[in-house]
Amino acid sequence: MDIGFTEEQELLRETARKFLDAECDSRFVRARMAEGAAVTDEFWQKLAVQGWLGIVYPEADGGSGLGLVDLVVLMEEMGRRVMPGPFLSTVLLGGAAIAEAGTSAQRREWLPRIAAGEKKAALAWTEPALRWDAAGIALPARETEAGFTLSGTKLFVGDAHLADVLVVAARTRDGSTMEDGVSLFLMPKDTAGLTITLLPTIDETRKLSEVRLDNVALPAAFLIGDKHAGWAPLSRVVARAAVALCAEMCGSAQQVLDMTVDYAKLRVAFGRPIGSYQGVKHQAADMLVAIENAKSLTYYAAWALDQGVDDGPLAVSMAKAAASDMARRVAGTGIQLHGGIGMTWEHDLQLYFKRAKASEVAFGDASWHRERIARLING
Amino acid sequence: MDFADSPEHAAFRAEFRRWLEGNLPPEICVDDAADQRVAPDRETLEKRIAWQKKMHAAGWVGISWPEEYGGRGASFMEQVIFDEEYFRARAPVLPTASALNLLGPTLIHWGTEEQKKRHLPRILSADELWCQGYSEPDAGGDLASLRTRAVDRGDHFVVNGQKVWTSGAHFADWCFLLVRTDPDAPKHHGISYLLVDMKTPGVTVRPLVLLNGHRHFNEVFFEDVAVPKQNLVGPLNQGWKVAITTLMFERSGAGGRDHAAQIARLAELARQFPNRQEPAWNDSHIRQQLAQLAIDVKALQVTRLRGLTRRLRGEPPGPEGSILKLFGSELALRIADFSSTLLGPYATVDAPTEAVPDAARWHNRVLGARQYTIAGGTSEIQRNIIGERVLGLPKG
């Protein structure tokens with residue numbers, strides 16, 4: 001047993017922190033918020049040079065072949081800086097789905113170019129009748145002589161507007177279970193019948209879109225993996241992305257706590273620093289407890305998925321439920337303890353609060369995951 | 001990052017688990033060992049002493065002590081595995097547990113050869129039982145302000161004063177006692193560490209019964225109690241330093257309390273127990289709460305392991321250690337509260353009932369769990385400690 005990070009992982013953390021401190025300060029983040037893209041080509045290329053855009057892909061596909069525990073380290077640092085842009089959607093969702101389910105030709109076509117920063121991907125899986133399991137995928141893909149025709153709406157698709165290719169989850173048949181009959185498709189951005197509309201959402205550093213498919217015809221070669229059997233790889237991708245997001249949430253929350261503690265030491269009220277009052281101090285202590293516990297569950301989930309142990313799905317839901325509640329509480333308490341200044345546009349807490357809220361509800365909120373945990377522990 | 005046992009540790013775990021399976025008598029098993037650290041009666045105590053002797057004969061007592069003093073020189077990780085397996089098997093806390101964890105290592109570090117020879121074997125064999133005389137009515141969280149006096153009378157000290165919250169003093173043959181030997185020195189510098197025979201004239205033990213009716217704690221009064229000088233441990237007036245060494249040996253977090261068994265039982269009850277004609281499990285409010293408790297139990301377990309890793313690596317303690325006491329004790333309370341949400345009036349019955357055969361367990365949890373957010377530093381003090389020592393916020 002050794003529940004800590006290796007020297008290599010600590011080195012990755014240090015490198016990431018230095019890089020992001022230099023390249024991703026709050027002025028940079030705020031500038032990206034104001035733009036549709038939320039990323040610059042220059043910044044994206046720098047991420048490629050760091051090797052981060054292919055960090056979890058196999059070396060044969062142009063990646064670094066690192067595990068989820070390594071990724072957790074990087075995500076915590078990205079969270080500390082509320083790194084804007086489509087890292088999650090391109091690298092960990094769209095690209096990861098191609099890596100997980102794609103044929104060797106599809107992987108060769110996309111993954112080295114994603115890792116090099118030349119192409120971006122996104123994953124279109126959630127729909128207006130929002131749920132985070134296989135039953136949530138209802139959009140029909142009808143089989144035709146030439147391939148498939150897809151019609152319907154995908155909602156809350158991360159960074160679809162930036163993607164060169166969408167990975168779309170659709171239903172190819174009503175199988176005996178909800179899992180049976182889900183298929184994954186590649187959909188290049190210029191496909192006829194594909195309309196992407198940006199949604200004005202709370203976290204403008206990470207844009208969400210509505211994706212409308214109006215009789216979109218796809219050749220059979222654009223099917224990813226086995227027909228009807230797309231849920232298994234998709235659920236693996238989503239589980240890993242959810243754990244990565246948990247790590248990012250922990251990193252952001254740690255930064256909120258650090259900012260809050262610094263402020264509580266400096267800000268004087270009634271002749272004393274506010275941090276000396278137990279009403280403030282005890283809330284800061286509770287923030288730390290929540291963060292440490294969410295980190296613990298995130299690390300365990302990352303290890304469990306890397307190792308393929310039996311309780312992996314349970315571990316993911318525990319991590320996400322804990323991180324979701326933690327993120328909301330920590331970001332909210334951070335604002336409360338800052339007082340009025342914490343409510344201003346000028347203060348950086350807004351960036352963290354908005355990211356926390358968006359992340360809290362992504363991949364299922366705490367209630368969703370507690371329900372899943374109850375099902376899993378019920379045997 | 002590796003949550004699995006190494007092959008050596010897995011073998012050690014398997015060996016001890018097997019031994020427990022073959023040797024632990026079912027009639028002495030307890031559901032929540034920490035609630036019964038002190039045996040409820042003499043008959044139970046005798047059974048537990050017999051159990052300790054059996055363990056000792058097989059070499060399973062005091063495993064982290066050096067071999068020359070009767071231990072196995074077990075590593076810290078082996079001690080952790082030992083504790084996990086021991087409580088997993090529902091074995092009761094050993095009658096000399098506090099002496100094994102605190103006094104023994106202190107004597108090994110500070111004691112004279114005579115003290116070691118006299119006491120260490122009897123701690124291992126449970127031939128003599130000990131109590132810990134630290135807290136006083138006006139010295140709880142602020143222990144160093146203790147006032148029990150020991151006056152130098154040549155070849156002995158004369159002790160006068162009162163201790164409180166003394167676990168198991170009514171069964172104890174000996175007491176390891178902190179006394180003030182120099183009232184003029186700054187409070188941490190006038191304390192000494194004594195070993196006191198509880199049969200000495202002038203020692204009076206009065207029960208301090210808890211709200212659940214358990215006799216666990218006592219008040220201990222010292223009235224002109226003569227203690228031979230050879231029973232001083234470590235240098236005169238340096239008892240604080242000696243005691244701190246003791247507290248460092250307290251394996252806070254090692255083994256720890258694991259509430260997973262309670263959650264598993266509550267989940268089972270939720271599936272069986274009717275709540276308005278349906279299994280309580282069908283109520284999403286019940287499922288949500290159970291799932292949250294399961295999450296928190298796992299979080300506590302992993303946070304504890306992270307703290308252990310730091311210790312095994314020889315790194316300075318991180319924030320994990322400080323939060324275990326706070327979070328663990330509050331979690332124990334929430335589990336107890338949930339049991340009454342789930343079971344309603346059944347959780348208030350101190351006897352088996354048809355619908356809930358283990359109703360008394362939950363009744364005892366509801367009452368007993370209250371102590372853990374108080375004993376060993378209240379949750380309020382823990383939050384101050386975290387705020388000040390971990391986060392660096394100014395003192396109030």
Between B:Arg37 and B:Lys54, what is 0.36 nm times their sequence separation minus the Cα-Cα distance? Round to one decimal in nm. 4.3 nm
Can you sort B:Val205, A:Val73 so the residue with the fewest Cβ neighbours within 10 Å comes first? B:Val205, A:Val73
Among A:Ala60, A:Ala115, A:Ala253, determine the one that fluctuates most according to a GNM of chain A built with springs between C-alpha atoms less than 10 Å apart. A:Ala60
Give the distance, in whole Å, between the Cα centre of the stretch B:1-68 and the Cα centre of the stretch A:64-114. 48
Between A:Glu360, A:Glu76, A:Glu118, where does the largest GNM mean-square fluctuation fall for chain A, given springs only between Cα atoms within less than 10 Å? A:Glu118
B:Lys47 versus A:Leu266: modelled label distance in nm, points set 7 Å from Cα along the beta carbon direction: 6.3
Quick one: net charge of B:Val225's neighbours, Cβ under 13 Å, K/R +1, D/E -1? +1
Report relative contact order for chain B in percent, whole number only (criteria: Cα-Cα under 8 Å, sequence separation at least 6). 12
Karplus 3J(HN,Hα) series, Hz, for the stretch A:260-269 with 6.51 cos²θ - 1.76 cosθ + 1.60 (x for Gly, Pro): 5, 5, 4, 5, 5, 7, 8, 6, 9, 9
Karplus-derived 3J(HN,Hα) from phi for the stretch B:62-69 (6.51 cos²θ - 1.76 cosθ + 1.60, θ = phi - 60°), whole Hz, x at Gly and Pro, runs x, 4, 7, 6, x, 4, 5, 9
If you fit an axis through the alpha-carbon atoms of helix B:76-88 and take the longest principal axis of the Cα set of chain B, what angle between them do you get, 0 to 90°, nearest 10? 50
Given a Förster radius of 51 Å and the C-beta distance between B:Ile28 and B:Lys395 as r, what FRET efficiency does 1/(1 + (r/R0)^6) yield to the nearest 0.05? 0.65
Are any of the pairs A:Lys120/A:Lys357; A:Lys119/A:Lys295; A:Lys295/B:Lys395; B:Lys53/B:Lys117; B:Lys53/B:Lys116; A:Lys207/A:Lys227 more than 23 Å apart by Cα-Cα distance, and if so, which? A:Lys120/A:Lys357; A:Lys119/A:Lys295; A:Lys295/B:Lys395; A:Lys207/A:Lys227
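What FRET efficiency, computed as 1/(1 + (r/R0)^6) with R0 = 22 Å and r the Cβ-Cβ distance, is obtained for B:Asp127 and B:Arg90, rounded to the nearest 0.05?
After rounding, the FRET efficiency stands at 0.30.
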per DSSP, antiparallel bridges as share of beta bridges in the protein assembly as shown, % nearest 5, sits at 85
Mind sorting A:Cys24, B:Cys131 by how few other Cβ atoms lie within 10 Å of their own Cβ, fewest first? A:Cys24, B:Cys131
Placing each pseudo-label 7 Å from Cα in the direction of the beta carbon, B:Arg271 and A:Thr344 end up separated by a distance in nanometres of 5.7
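What's the local net charge at A:Ala122, with K and R +1, D and E -1, over the other residues with C-beta under 14 Å away?
So the surrounding residues net to +3.
Rounded to the nearest 5, what % of DSSP beta bridges with both residues in the stretch A:115-182 are antiparallel?
45
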For A:Glu143, net neighbour charge (Lys/Arg +1, Asp/Glu -1) across residues whose Cβ lies under 12 Å away: +3
Note, ³J(HN,Hα) from phi for the stretch B:359-375, Karplus 6.51, -1.76, 1.60, rounded to Hz, x at Gly and Pro: 3, 4, 4, 6, 4, 5, 5, 4, 7, x, 5, 4, 6, 6, 7, 10, 4
Run the numbers for A:Val361 and A:Val49: contour at 0.36 nm per residue of separation, minus the present Cα-Cα distance, in nm. 109.2 nm
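Under a Cβ-only charge scheme (Lys and Arg +1, Asp and Glu -1), can you give me the dipole magnitude of chain B about the Cα centre, in debye to the nearest 20?
The dipole magnitude comes to about 360 debye.
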Please list, in chain and number order, the residues 5+ apart from B:Val164 or on another chain whose amide H is under 5 Å from its amide H, with Hs placed from the backbone. B:Ser135, B:Glu136, B:Val220
What residues have an amide H closer than 5 Å to that of B:Asn275, excluding those fewer than 5 places away on the same chain, when H is modeled at 1.01 Å from N in the peptide plane? B:Ala280
Given a Förster distance of 22 Å, report the FRET efficiency between B:Asp337 and A:Arg375 from their Cβ-Cβ distance, rounded to the nearest 0.05. 0.40
Which residue, A:Ala294, A:Ala97, A:Ala192, has the most motion in a Gaussian network model of chain A that connects Cα atoms within less than 10 Å? A:Ala192
For A:Leu208, list long-range residues whose amide hydrogen, built 1.01 Å from N in the peptide plane, is under 5 Å from its own amide hydrogen. A:Asp159, A:Leu199, A:Thr201
Using +1 at the C-beta of Lys and Arg and -1 at the C-beta of Asp and Glu, which of B:Thr44, B:Gly133, B:Met77 has the Cα lying farthest in the positive direction of the dipole of the stretch B:41-171? B:Thr44
Mind checking the dipole of the stretch A:234-379: about its Cα centre, +1 per Lys or Arg Cβ, -1 per Asp or Glu Cβ, Debye to the nearest 20? 220
Can you compute the modelled spin-label distance between B:Val151 and B:Arg18, with each label point 7 Å from Cα toward Cβ, in nm? 6.2
Over all residues in A:269-282, what is the mean tally of Cβ atoms on other chains that come within 10 Å of each residue's Cβ? 4
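Laboratory data are not the source of any read-out in this text; all were calculated from the coordinates shown. Everything numeric in this text was worked out from a predicted model, so none of it was measured. Backbone-built Cβ (ideal geometry, glycine too); neighbour counts: all protein chains shown.
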